Protein chains: 2
Amino acid sequence: MLWEINMAQKPSIPKGTRDFNASDVAKRTYIMETIKEQFQIYGFQPIETPSFENSDTLMGKYGDEGDRLIFKILNSGDYLSKYKDSIIKLILSVLKKNQEYLLKMKDDIADEEILNFKNITTNEIRKIASSEIGKIVIEVLGEEKYDNNEEKNDDFLNIILKEVSTKGDYLLKFIEFNREELYIEATKIFEKHSEFIDSKYLSPYISEKALRYDLTVPFARYVVQHQNDIEFPFKRYQIQPVWRADRPQKGRFREFYQCDADVVGSKSLFQEVEFVQLYDAVFSALKLEGVTIKINNRKILSGIAEVIGAQDKLIDFTVALDKLDKIGEDKVKEEMRGKGISEDGITKLQPLFTLKGEFGEQIESLKSILSASEIGLKGIEELEFINTAISNLELKTAILQLDVTLARGLNYYTGAIFEVSAPHGVKMGSIGGGGRYDDLTGIFGLKDMSGVGISFGLDRIYLVLEELNLFPSTITESTKVLFINFGQDEAMFSLNAVTKLRQAQVKAELFPDAAVSGKQRKKQMNYANRRNIPFVVIMGEEELKSEMYTLKNMVSGEQQTVNFDQLLSLLK
Amino acid sequence: MLWEINMAQKPSIPKGTRDFNASDVAKRTYIMETIKEQFQIYGFQPIETPSFENSDTLMGKYGDEGDRLIFKILNSGDYLSKYKDSIIKLILSVLKKNQEYLLKMKDDIADEEILNFKNITTNEIRKIASSEIGKIVIEVLGEEKYDNNEEKNDDFLNIILKEVSTKGDYLLKFIEFNREELYIEATKIFEKHSEFIDSKYLSPYISEKALRYDLTVPFARYVVQHQNDIEFPFKRYQIQPVWRADRPQKGRFREFYQCDADVVGSKSLFQEVEFVQLYDAVFSALKLEGVTIKINNRKILSGIAEVIGAQDKLIDFTVALDKLDKIGEDKVKEEMRGKGISEDGITKLQPLFTLKGEFGEQIESLKSILSASEIGLKGIEELEFINTAISNLELKTAILQLDVTLARGLNYYTGAIFEVSAPHGVKMGSIGGGGRYDDLTGIFGLKDMSGVGISFGLDRIYLVLEELNLFPSTITESTKVLFINFGQDEAMFSLNAVTKLRQAQVKAELFPDAAVSGKQRKKQMNYANRRNIPFVVIMGEEELKSEMYTLKNMVSGEQQTVNFDQLLSLLK
C-alpha cells in the first residue's frame, strides 16, 4: 500500500450509500439478529451468495427497468483490448469505403463508353444521367444543364466531357462534395455496428459481472446449481445487502439489506400459515405490536378480472383498485372506465368498494362476487384455509387482514400475496412483503418448483422502531468502565485490572495516554462522558500504593474506593 | 420482476466467489461472533462503510498493482454518451484530414508554378522533388526516373506533367497509394487520443465508483469525514467483505471478509500491548491454542539498514532477510551481495543470522548490533516495553515472539509490525497481521493521526479450525424436531404444538405436505435424517385422538408417547 499525500482530496461517499456509526450498527444488528433468531426457530437455514453474479444470471430477470438499475462491474485488466481492435477495424473499414468510393468515381469518369458520346443512345444517356456520377454532375453544375430529352443530350455529355477534361477541376469539386457524403456513410456504418458506441450493446463486451439486485434470483440460481445437495422442501433465509442504481431519495438507498425467508419445493398452504406466524413472531419479538399483515391472492384478482370480462386488463384493473384508499371510489371507477373496463363490469364490482368487516365477512361477500369464477373460488378457498388456521393458532400481537386491493409484484406472484404495514399512527410504507410464485427456478431450467417467501424491510423497520422509541437501551451500551491513565506505573497496574475485568466479560478500557496534569485528567473524564461510559476508575499514586481502585459513577457522581473483587462485582 | 424462461442457461457463479451453505454460514458466523465479542470487550466500536467508494477515495492508495486489482463499477445509465460523441468526432477528424490531404495534393498538382517547368531553377526542382507530391511521384514511378542533378530535371518535370495530363491516371495511383498513408495517419491520431480506446485512460470516463479493496482506506476516509463526531482516540472494529480482482487460487478469493480492529489518535504503546492481548483473547476463545504472535519494529529494520550503510536498500535488505527460514543463511547473503550490500555490512549482520532464544536474549543481541543507531535503539525500547508489559500481564494461550525478519507492508508501517501464525504442525500462512502507521489519515488531509491495528484472516482461521476439528458441534445444529405430516387434521394439531414449541425457543418444523402412504411417511423420516434433525414427532390418527405425541429419537431409534408438557421438557 503506497499512500500518496493529497491534501486537497475532500473525502465523501457515493450518493445513495451510508456510513454507519457504532450506534447505527448496534441498532441494525439488533433488528437483524431478532429476525435471524426467529428464522432459525422456524427451521430456516442460512445461506450466503456472492455479492456479484455473472451478468447472465441477473440480466433479463427484472424487466428493462430492472436491468437498467443493476450495477455492472467492469471486467478487470485491459477490458477494452478486444473492443480496441474492433473499433480500429471499424474506422479502417470506413476509410476503405471512402477510398473505394473515390476509385469507383474515377472509373466512372474514365469509362470510355461514357466518353464515347457520339454513338450513345437516348436510353444510355438517361442511364448516365441517373447514375451516381451523373446525378452528382447535375447537382454540382445545376439542374438547368440537363433535360431528360434527346435534343439536349449533346450539351449534357459535352459538359461532362469538358468538366472531366479540365484536368481535375471536377474532381476537386467532387472531393468537396464527397466530404458530406462521407459523413453520411460513416454514420451508416456506425449504426450497423452500434454495439461499439452504445452503452447498452457495449456492456456485455466490457462487463461480465453485476452486483446482486435482490436475494430472490440468486436464491433461485443457488437452488438449481446445488439441487443435488439440497433436501426439499428447502427452507432458507438470507440477510445480505443488495444494490440498485435507483435515483437516491429520502429513505431510498443504492445499497441496502434485504432479509428474506423462502421455502421452495412444496405447494402446501401450511407454508403461508407459517409465514403469517413468522411475521407475527418477529414483530412481537421486536416489541412492535399491532402491525397489520395484509393478505390477498392472485387467483382472486384473476377471478374478479374474469367476472367483469377484463382478463386482458388485469394489471390496469388492479392498479386502479390499489388506489381505492388514496383517491376514493369515484376516481377509481373513472380510471377503470378510462382503461376500457365496461360499465357492466364496474357495476359487478360494486360490492368490492364497500368490502368491510372481519376476514370471514369479506370472504362471504367475495364468494358472491366470484361465484361464477373457478379460479376466483380457488383463491377464496386458499384464503379461508389460511385464515382458519391462523384463527386457531392465534397471533401474538399482529392482525391478519384481507385486502383485495393488494397487488404487489403481480407479474410473478401466483398465489398468496403478503404485505405488512406499521401500527396505526406510524406513517410508513410497507415494512415487509412477499408471496407465492409457482415457478421460482424455471428461469434456470428447474421446473415445477413452487416457492413462497417473505421479506423484511430493514431500513423502514429501523425508522419505525426509532419513531416509537422501541430500541432497548442496552443494545447501544458499549464500554462499561474507563481507567483514567495517571502515568506509566499506574497505567501498568490499571491494565492488569482491565485485563482481569475483560476476562470476566466486562467491557473495560484504559485511556492510552498518560494524563500528567489536572487538565489532561479532566480531558479523560470528558472523553468518558462523551462516549457515555457509565463508570470511571481513578487509579492514582494513592490507589497504586494501597492497590485499591476509586470507582466513580459518571451519572450520579458517586465515588467509592474498593479492592479488585469489589470492583469486579460492582461492574459485572 | 419479469422472468423469462431460458432452459439452456446453466447457472454458475463468477470465479473466485463462493456460495455458503447453512453449515458454512454457521461456522463463519461462529468465528466472526467470537472475534466481535472480544473486540467489544476490548472497547472497540463497530462501524460499517459502503461496499463501494468513490474511485478517487481508493485509486492511488495501493500502488499500481493494487489499482489494477480494484473492481470498478460501470456508471449507470448511458455511460458512453460522452464517449460516443468523442469517438464520432475523432473518426470525422480522421476523415477530414484525409480529405484535406487529397485537396492539398490536388492543389499541388494544379499549382502553376510547378507546371511552369520551363522557367524553373535547379533549387526549385530539388524543392519539388523533396516535396510531398514529388516524393510520391518518385516512389510511384520508380527512383530511376529522378536524379538530383540539373541534366535530368526536364525529364522529371515532363514525367510529372505527363502523369498529371493523363487525366487522372496519376490520381488513381495516388489514391491507391494513399490508402496505406491513411492507415498511418489514423493510427497517429488514435495514439494522440488513446484515452478513447485504452482501458486505463477510459475507466475514469465510464466508472466513478469502485468496490472496497480493504477496510483500512475506507476507515481513514471515515475518520476524516466524520472527525467532528468522533472522540479520539477512536477504537473501531469493522467486519465486512472486500473485493480484489486477483487471479483466483486455492484459498485466494475475489470476495472475502476482513476483520479489523484499529485505534487512531494515540501514540501510546499500551495500544500495541492490548493488541497482543486481543490476539491472545480471540484465539483462546476459539480454542486455537498455541498460536505465535510474531512482533517486529520498522525502526529496528531501519536501524539495521543504517548500521550496514544500506538505508537506500531497506526493502531489498528486508526482502532478503525475510527468506532466512526458507532458503538459509548462505543464500540470503548471496542475495544481499547481489543487491549491492557490502561485504562489511553483511559481516555486521552476522549476529542476526544466529539470533535465537527468548525475547529478552534476542533484544540483548540486537542492542549490540544496533548500538550505533539511534532509530534502532528506539525500536528496541518499544519492543522491550511491549514485551515487559506482556510478561507481567501473561498471555492465556498464545506465544509472543520477536522476529526481526518480519517486514509485512513495510511501505506504510512505521512502528510495531505483527503477524500471527497457526500452532506448530498446521501448514498455513499467517492467520492475522497488523502494525502501526504514523500517518493513517494524511491521505485525506488530516495530519498527525497515528494509527495501529490488527486484522484477522477469516478464511484461513476457518481452515485451521476445520483441520484441528475445533468447531463446536452445537453451532451447526439447526432444527431440533420435525413433525411428520399425516394429513390435514393431524397437521393442524401438530402446527399448534410446533407453534408452542417455537414460542419456547425450540427450533421446530412441520413437514408441509401430507404423507398419505407409508412410503411418503418414510420419505419424511429420511428427510429428517438427511437434515440431521435429532427428533421426530409422529402425530397420527391415534395420537390425535388421545392428544398425545410419539417422540422418536432419530439417533437411538427410541420412541415414547408423551403429552405436550413432557414433549416440551424433552426438547427444551
Take every residue in peptide B:23-33, count the Cβ atoms of other chains within 10 Å of its Cβ, and give the average of those counts.
-> 2
A:Leu570-B:His226 pseudo-label distance in nm [points 7 Å out on the Cα-to-Cβ vector] = 3.2 nm
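Residue by residue through B:391-397, how many Cβ atoms from other chains fall within 10 Å of the Cβ on average?
Numbers: counts 0, 5, 6, 2, 0, 2, 0.
Taking all residues of B:391-397 together, the mean is 2.
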Across peptide B:508-514, what mean number of C-beta atoms from other chains lies inside 10 Å of a residue's C-beta?
-> 6
Whole-Hz Karplus ³J(HN,Hα) for the range B:339-349, in order, using 6.51 cos²θ - 1.76 cosθ + 1.60 and θ = phi - 60°, x for Gly and Pro?
-> 8, x, 7, 5, 4, 4, x, 4, 4, 4, 6
The range A:207-221 versus the range A:255-269: alpha-carbon centroid distance in Å = 15 Å
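Tell me the relative contact order for the range A:322-395 as a rounded percent, counting alpha carbon contacts under 8 Å between residues six or more apart.
Values: 25 pairs, mean separation 14.2, N = 74.
Computed over the range A:322-395, the figure is 19 percent.
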Taking other Cβ within 10 Å of each residue's Cβ, how do B:Lys27, A:Lys331 sort, fewest first?
-> A:Lys331, B:Lys27
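Within the range B:341-435, list the trypsin sites (Lys or Arg not before Pro) lying in a DSSP loop whose Cβ has at most 11 other Cβ atoms in a 10 Å radius. Numbers along the way, then the final one.
Details: sites: B:Lys348, B:Lys356, B:Lys367, B:Lys378, B:Lys396, B:Arg408, B:Lys427; in loops: B:Lys356, B:Lys396, B:Arg408, B:Lys427.
Listed in order of number, the matching sites are B:Lys356, B:Lys427.
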Given charges of +1 on the Cβ of Lys and Arg and -1 on the Cβ of Asp and Glu, with all other atoms neutral, how large is the dipole of the range A:436-492 about its Cα centre, in debye to the nearest 20?
-> 220 debye
Karplus 3J(HN,Hα) series, Hz, for the range B:563-571 with 6.51 cos²θ - 1.76 cosθ + 1.60 (x for Gly, Pro) | 8, 4, 4, 5, 4, 4, 6, 6, 9
Of the listed peptides B:298-306, A:254-262, what is their order by residue-averaged count of other C-beta atoms within 10 Å, with the highest listed first?
-> B:298-306, A:254-262
Expressed in angstrom and rounded, the centroid-to-centroid distance over alpha carbons for the range A:439-503 and the range B:433-508 is 12 Å
For B:Glu374 and B:Ser473 in one chain, what is 0.36 nm times their gap in residues minus the Cα-Cα distance, to one decimal in nm?
-> 30.3 nm
Ordered by packing density, taken as the mean number of other Cβ atoms within 10 Å over each peptide's residues, highest first, how do A:240-248, B:243-251 rank?
-> A:240-248, B:243-251
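Would you mind ranking B:Ser494, A:Ser391 so that the residue whose beta carbon has the fewest other beta carbons within 10 Å leads the list? Each step should come with its number before you reach the end.
Details: B:Ser494 26, A:Ser391 12.
Neighbour counts put them in this order, fewest first: A:Ser391, B:Ser494.
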Yeah, the range A:227-284 with a ≥ b ≥ c from its alpha-carbon gyration tensor (a/c under 1.5 is rounded, else prolate when a/b outruns b/c, oblate otherwise) is oblate
Rounded to the nearest Å, what's the spacing between the alpha carbon centres of the range A:385-418 and the range B:517-572? Just the number, please.
-> 30 Å
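None of the figures in this text is laboratory data; all of them are computed from the coordinates on show. Predicted model, so just to flag it, every value in this text is computed and none were measured. Heads up, the Cβs are rebuilt from the backbone with ideal geometry, glycines too, and the neighbour counts pull from every protein chain shown.
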